[in-house]
Amino acid sequence: MLVYRHGAEEVLGDIDATFPVSLNKRQHMLDEHGFENLPEDEALQVAETMLAFYDHSQLLHRVRTMANTYILAVLGGSGVATPCLVQALASCSKRPPMEVRLLGRTASKLSLVASLADKLASKADIALTVRHTTDLARGLDGVDMVLNQIRVGGYEARAIDESFPHTFGIPGEETFGPGGMNNARRTVPVVLELCREVEKAAPRALVLNLTNPSSYIQYAIQRYTSLCCVGVCDSPTWLADSVASVLDVAREELWVGYIGMHHFGWVTEVTHAGRDMMPELLARVDTLPGLQVDVDIVRATRAVPTSYFKYYYHHDRMLAAQEGKPTRAEQLMLLQENILTDLARPGLQELPESLQQRGAVWYDKIIVPVLMSYLQDSHDVHILNVGNGTTLPWMPAESIVELPVEVSRDGFTPVKPPRLPRDLRAMLQVNAAFEMLWVEAIVERSYEKALRAMMLNHLVTSLDQARAILDKIWAWKG
């Protein structure tokens with residue numbers, strides 16, 4: 001391969017031909033002169049030679065695309081469950097070659113996680129490499145996709161989210177109620193700071209958000225950055241699988257109409273070969289795995305809710321069940337210690353039992369399937385969180401909604417939005433209102449908006465209670 005410069009022209013040649021290509025014809029060169037036929041290392045050498053003419057990150061992105069290698073950056077890559085992501089990618093039979101960059105803050109922990117991830121990647125039949133760094137700018141340079149899975153404050157902060165609401169007679173949870181709002185309060189500013197780095201290094205990258213509370217975070221990204229962001233959660237997928245098991249029908253044969261927001265949605269439509277299966281589902285709903293609310297409200301609304309509605313319908317029960325017991329975060333802290341001990345074992349080649357106990361099903365259930373649908377342009381339908389726009393005309397256009405979405409390289413398109421009865425619409429409208437107000441309050445440091453948002457929260461029952469909660473968690477009093 002011959003590459004050289006000639007005045008204001010770039011000349012590319014091989015054994016058979018040499019021809020000049022002016023700068024404004026670079027697209028023709030990339031498309032017509034065999035970048036797709038080059039080994040990746042040679043294509044990257046070409047790119048490096050051309051850096052004087054073209055933007056660095058965008059050219060490398062184009063070259064890697066032509067060479068069919070994609071780069072996924074993982075924010076929060078030192079999370080102990082991250083090797084499960086790499087194993088899920090390694091198991092994909094139709095996956096294109098990929099590089100996974102694990103980005104973290106604590107070098108020692110990141111190294112342990114990356115070591116096992118690298119070993120799992122080496123067993124893949126299709127090229128899969130793992131790199132890790134604490135240098136954010138370097139790790140983000142030219143990436144195609146970003147998975148945000150950071151946990152600000154770690155499990156210690158989550159334990160506070162799950163316990164401080166008890167003081168106010170409210171159950172604690174990291175995504176629901178005042179606990180979820182406190183989580184958003186500390187997480188939104190950090191995520192926006194990271195997104196500004198993504199905008200600089202890879203402005204066209206697709207961002208998948210896993211970080212909780214997801215719809216708060218996604219709204220912040222959508223409102224305050226220029227990035228394309230989609231929210232992923234395994235909860236609706238798990239609910240759809242449960243519906244299929246109750247009906248004794250293969251999941252892929254069912255249309256499951258799910259509608260709502262993150263951790264606040266319902267299955268309201270189910271069809272099989274054109275037949276309405278909701279009457280049969282409602283008749284058997286008492287056998288639904290993991291149903292956390294009383295059957296009468298499910299049948300009354302004709303809507304099967306996610307498990308998180310136990311905090312809405314049965315908050316007194318949940319508070320009683322939590323008081324005096326370790327939080328989920330405290331349990332996870334102990335498990336994390338065991339996982340880190342196992343990761344440090346010499347010669348570790350497989351996921352240890354401790355990591356399998358973590359149950360990080362979200363990688364297999366939703367994250368990797370969505371990534372593959374996107375990269376393969378398959379037009380598969382997944383239940384995802386996206387900006388509403390005009391999809392649900394009775395919801396704010398800027399709100400984040402969760403519903404069936406067709407995934408392709410052209411974008412993420414909501415399809416067949418399910419129906420929702422008037423009372424559940426009202427609940428969803430309130431949910432969107434206080435989440436958006438709360439994010440705006442955080443960014444603007446507005447106590448007034450914070451108070452309005454807290455008063456709208458489903459679990460807050462009085463102004464005095466709202467003020468007391470803000471006195472506990474709000475950092476900005478002005």
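Laid out as a table, the results:
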read-out	value
Centre separation in Å (Cα based) which lies between region 200-248 and region 319-338	26 Å
Gain in span if fully extended, D241 to D364, counting 0.36 nm per residue against the direct Cα distance	42.9 nm
Under Karplus coefficients 6.51, -1.76 and 1.60, residue-wise ³J(HN,Hα) of region 291-306 in Hz, glycine/proline x	5, 10, 10, 5, 5, 4, 6, 5, 6, 5, 8, 6, 9, 8, x, 5
5 angstrom amide H check on V146, placed H, neighbours 5+ away	A73, L206, V207, L208
Cα→Cβ-extended label distance, 7 Å offset, between S408 and H166, nm	5.2 nm
Radius 9 Å from Cβ of G257, net charge of other residues (Lys, Arg +1; Asp, Glu -1)	+1
Shape call, region 159-248: gyration tensor on alpha carbons, a/c limit 1.5	oblate
In range of the label at R345: residues from region 355-372 whose backbone nitrogen is under 20 Å from the point 7 Å along Cα→Cβ	355-360
Separation of the R138 and R445 label points, Cα + 7 Å toward Cβ, nm	3.4 nm
Under-5 Å amide H pairs with G265, H placed in peptide plane, nonlocal only	T306
Cα-projected label distance for R425 with Q356, points at 7 Å along beta-carbon direction, nm	4.9 nm
Kirkwood Rh in Å, taken over all unlike Cα pairs in the chain	24.2 Å
Least to most buried among V443, V407 (fewest other Cβ within 10 Å first)	V443, V407
If the convex hull is drawn through the Cα atoms of region 348-478, its volume per residue in Å³	194 Å³
³J(HN,Hα) computed for each position of region 147-157 - Karplus, 6.51 cos²θ - 1.76 cosθ + 1.60, integer Hz, glycine/proline x	9, 9, 9, 5, 10, 6, x, x, 5, 4, 5
Degrees between helix 447-456 axis and first principal axis of the chain (Cα, 0 to 90, nearest 10)	60 degrees
Net +/- balance of residues flanking T134 in space, Cβ distance below 14 Å, scoring K and R +1, D and E -1	+3
Cα convex hull volume per residue for region 112-208 (Å³)	131 Å³
Expected 222 nm ellipticity per residue - DSSP helices of 4 or more, -39500 (n - 2.57), all of the chain, to 500	-13500 deg cm²/dmol
Charge context of S245, other residues only, Cβ under 15 angstrom, K/R +1, D/E -1	-3
Alpha carbon centroid spacing (whole Å) that separates region 340-373 from region 447-478	38 Å
Potential lengthening between S91 and E330 on full extension [0.36 nm per residue; Cα-Cα distance subtracted]	82.9 nm
For G257, residues with placed amide H under 5 Å, excluding near neighbours	T268, E269, V270, T271
Relative contact order (%) - criterion: Cα under 8 Å, at least six apart; region: region 70-233	21 percent
Relative contact order [Cα under 8 Å, 6+ residues apart], the chain, whole percent	13 percent
Burial ordering of Y363, Y70, fewest other beta-carbon atoms within 10 Å first	Y70, Y363
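Every number in this text was worked out from the coordinates using simple rules, so none of it is lab data. The structure displayed is predicted, hence computed values, not measured ones. Using ideal geometry, Cβ is built from the backbone for each residue, glycine included, and neighbour counts are taken over all protein chains shown.
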